[in-house]
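Handing you this structure, nothing more for now.
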Amino acid sequence: MPELAINGGSPVRPQGYPAWPVWDERDLAAVEAVVRSGNWGGFPEPGPNAASFEEAFTTYQGARFGILMANGTVTMEVALKALGIGWGDEVVVPALTFAATAYAPMAAGALPVIVDVTQETWTIDPDLVEAAITERTRAIVPVHLGQQMADMDRIMDIARKHALAVIEDCAHAHGQQWKGRGAGCIGDFGSFSHQSSKILTAGEGGTLLTNDEALARRAHSIIDCGRPKDPDEKDYTFGANYRLGELHAALLAVAMERFPHQVAERAENAEHFEELVGQVPGVRIMPHDPRITRWSFYNYILAIDPDAFGGATNEVVCEALGAEGVPGEVQYPPMSRYDLFQPSLSQLPVAVEFADRLDPAKMSFPVAEAAGLRESIYFQENTFRAGRQGVEDAVEALAKIQRHANELTVRDS
Ligand SMILES: Cc1ncc(COP(=O)(O)O)c(C=O)c1O
């Protein structure tokens, strides 16, 4: 008789986990009010709901200025453009992240220079950042991946030493704080995504945070077809329409009201999860960096040792977890596996011009490759919104799969 649910055994958690996004009458009322107002779009920029969300999120995260726009990809493109970064420039990004982190420099015309992540945190390796700097380097884009934050002390030191800009990719890090400062408020810009699965969502959307008034004004201008944002400013900035509509902005303003409670709930349950899951044979949890002073995350990421799972990779273990009723996913392959870097597919001028440097066959990121292709499991945010029992079931599912690893099908990664 098989034990694992993927082979017909009984699942550990047949009832599953709470749905995302969370919504109630307040969301319906907010959307209805926008519909009735007839003011659906994002022009004039920012609209009233956009301005109110920008104010609330900026205050919560601890920045001076917030600019709401279409998504968390164009945020980074706009940030680079606002900083004057484009053709001929190099931007250092990590090898383990969503494609958007490297797409944004390419869309701005710059070359993404990809470096590996550290084994301890799976965030960008500061030593490799420093080694990658050339006279063309203009910016670093650290990604705060999962429950981790990139080492912002080291990144900011390197940036200051080499006069580089820093754009924090905070798509996973709404609510996180580093030594009391909000994620996205430490570098020149912080970029947030409000896409469907993210923990502060309206289905789509993105926010840029900055403490620099001139950069904020320029970013507003770039997303609003270049319109000047200073009454004394006469010249148009080169821009296009990246505005977000008021229906989405209204949903974000309501989501913001629930957000602090959800952050605290996930953090509390994740602490319990960490105490238990680290005891499962073949599971490695990352050190909890004490410099992260408010813990908030989109996914909780851990590593499995495939040898302890009968040779099965993260992909196979995640399928088995899904069958047990637990939302574990293999989120990102290493950057070298993204089609984005195949010039014949993207046809972006920067990719064609620098085809040699963006050739996946010539890339080597041992840590990101092991993580993405064999080891990483991303537990979804709702694992941590089902009380202590929810995380205990998730741990039991993983432990059960490990105990019965002989039932798993081993495939090549
Ligand atoms: C690390 C990271 N950066 C950027 C993005 C892009 O955000 P969006 O989907 O809103 O464009 C995502 C979203 O998936 C992400 O996970």
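Since every read-out is calculated from the coordinates, none of them should be taken as a lab result. All values reported here derive from a predicted model rather than from experimental measurement. Quick reminder, even Gly has a Cβ in these numbers, built from the backbone with ideal geometry, and neighbours come from all protein chains shown.
Length gain on complete extension for the stretch Arg181 to Asp339, per 0.36 nm per residue less the alpha carbon to alpha carbon distance? Don't skip to the end; give the middle numbers.
Values: separation 158, 0.36 × 158 = 56.88 nm, distance 3.56 nm.
Here the segment from Arg181 to Asp339 would lengthen by 53.3 nm.
Setting aside same-chain residues fewer than 8 positions from Lys229, which lysines have a Cα under 22 Å from its Cα?
Within the straight-line limit of under 22 Å, Lys229 reaches these lysines: Lys81.
Once both labels are modelled 7 Å past Cα along the beta-carbon direction, what's the Lys234-Asp307 spacing in nm?
So the two model labels end up 7.1 nm from each other.
Let me check against my output: what whole-number percent is the relative contact order of the range 33-141, with C-alpha pairs under 8 Å and at least 6 apart?
Relative contact order of the range 33-141: 22 percent.
Which lysines have a Cα less than 27 Å from the Cα of Lys179, not counting those fewer than 8 places away in the same chain?
Cross-link targets: Lys161, Lys198.
Next question, about the same structure. How big is the gap, in Å, between the Cα center of the range 221-300 and the Cα center of the range 147-171?
What the calculation gives is 17 Å, centre to centre.
Now for a separate question. Which peptide among 44-50, 30-36, 294-300 comes first, and what is the full order, when sorted by highest mean count of other Cβ atoms within 10 Å?
Numbers: 44-50: 21.3, 30-36: 15.0, 294-300: 23.0.
Highest to lowest by the protection proxy: 294-300, 44-50, 30-36.
How high is the relative contact order of the chain, given as a whole-number percent (alpha carbon pairs under 8 Å, six or more residues apart)? It would help to have the intermediate numbers written out before the result.
Numbers: 899 pairs, mean separation 89.3, N = 413.
So the answer I get is 22 percent.
Run through all the Cα pairs of the chain and give the fraction in each 20 Å bin from 0, expressed as whole percent.
Once binned at 20 Å, the Cα pair distances of the chain give 27, 56, 17, 0.
In debye, nearest 20: dipole of the range 317-369 around its Cα centre with unit charges on the Cβ of K, R (+) and D, E (-)? Write down the numbers at each step before the final one.
Details: 3 positive and 8 negative charges, 37 e Å.
It comes to approximately 180 debye.
Next up: Once phi is turned into ³J(HN,Hα) by the Karplus curve 6.51 cos²θ - 1.76 cosθ + 1.60 with θ = phi - 60°, what whole-Hz value does each residue of the range 258-272 show in order, with x for glycine and proline?
Result, rounded to whole Hz: 7, 4, x, 5, 5, 4, 5, 5, 5, 4, 5, 5, 5, 5, 5.
Report the antiparallel proportion of the DSSP beta bridges in the chain as a percent, rounded to a multiple of 5.
Values: 24 of 39 bridges.
Antiparallel bridges: around 60 percent, rounded to the nearest 5.
Something else about it: Please arrange His272, His261 by how many other C-beta atoms lie within 10 Å of their C-beta, fewest to most. If you can, show how the numbers build up before the last one.
Values: His272 16, His261 9.
Going from sparsest to densest Cβ surroundings: His261, His272.
Sorted by packing (mean other beta-carbon atoms within 10 Å per residue), highest first, where do 321-328, 64-71 land? Could you put the intermediate results ahead of the total?
Values: 321-328: 21.9, 64-71: 23.8.
Descending packing order for the listed peptides: 64-71, 321-328.
Determine, for Ile199, Ile6, the number of other Cβ atoms within 10 Å of each Cβ, and report the residues in order from fewest to most.
On the way: Ile199 24, Ile6 19.
Lowest to highest Cβ neighbour count: Ile6, Ile199.
PRE reach from Glu315 (point 7 Å along Cα→Cβ): which of the range 368-409 fall under 11 Å by backbone N?
373-374
So how do 123-135, 145-157, 279-291 stack up, highest first, on mean other-Cβ count within 10 Å?
Values: 123-135: 17.8, 145-157: 22.9, 279-291: 14.4.
Answer by packing, highest mean first, reads 145-157, 123-135, 279-291.
Given a cut-off of 13 Å, what percent of all Cα-Cα pairs of the range 250-304 lie beyond it? Please list the in-between numbers first.
On the way: 999 of 1485 pairs.
In whole percent, the long-distance tail amounts to 67.
Now for a separate question. Could you work out how much longer the chain between Glu268 and Trp40 gets when fully extended? Use 0.36 nm per residue separation minus the Cα distance between them, nm to one decimal. Present the calculation step by step, with values, prior to reporting the outcome.
On the way: separation 228, 0.36 × 228 = 82.08 nm, distance 3.81 nm.
Extending this stretch completely gives an extra 78.3 nm.
Further question on the same structure: Could you please state, rounded to a whole Å, how far the C-alpha centre of the range 46-120 is from the C-alpha centre of the range 315-333?
Answer, in whole Å: 29.
I've got another one for you. How high is the FRET efficiency from Trp87 to Ala51, r the C-beta distance, R0 35 Å, rounded to 0.05? Write down the numbers at each step before the final one.
On the way: r = 34 Å, r/R0 = 0.96.
Working from the Cβ atoms, E equals 0.55.
Compute from the Cα atoms of the range 258-407 the Rg and the Dmax, the latter being the longest Cα-Cα distance, and quote both in angstrom.
Final numbers for Rg and Dmax: 18.0, 54 Å.
Follow-up question, since we're still on this one. Among DSSP bridges having both ends in the range 25-255, what percentage is antiparallel? Round to the nearest 5. All intermediate terms of the calculation are to be shown ahead of the outcome.
Working: 13 of 28 bridges.
Restricted to the range 25-255, the bridges split so that about 45 percent are antiparallel.
Taking the number of other C-beta atoms within 10 Å as the exposure measure, put Cys170, Cys225 in order starting with the fewest. Please report the intermediate quantities before stating the final value.
Values: Cys170 31, Cys225 16.
Sorted ascending by nearby Cβ count, the order is Cys225, Cys170.
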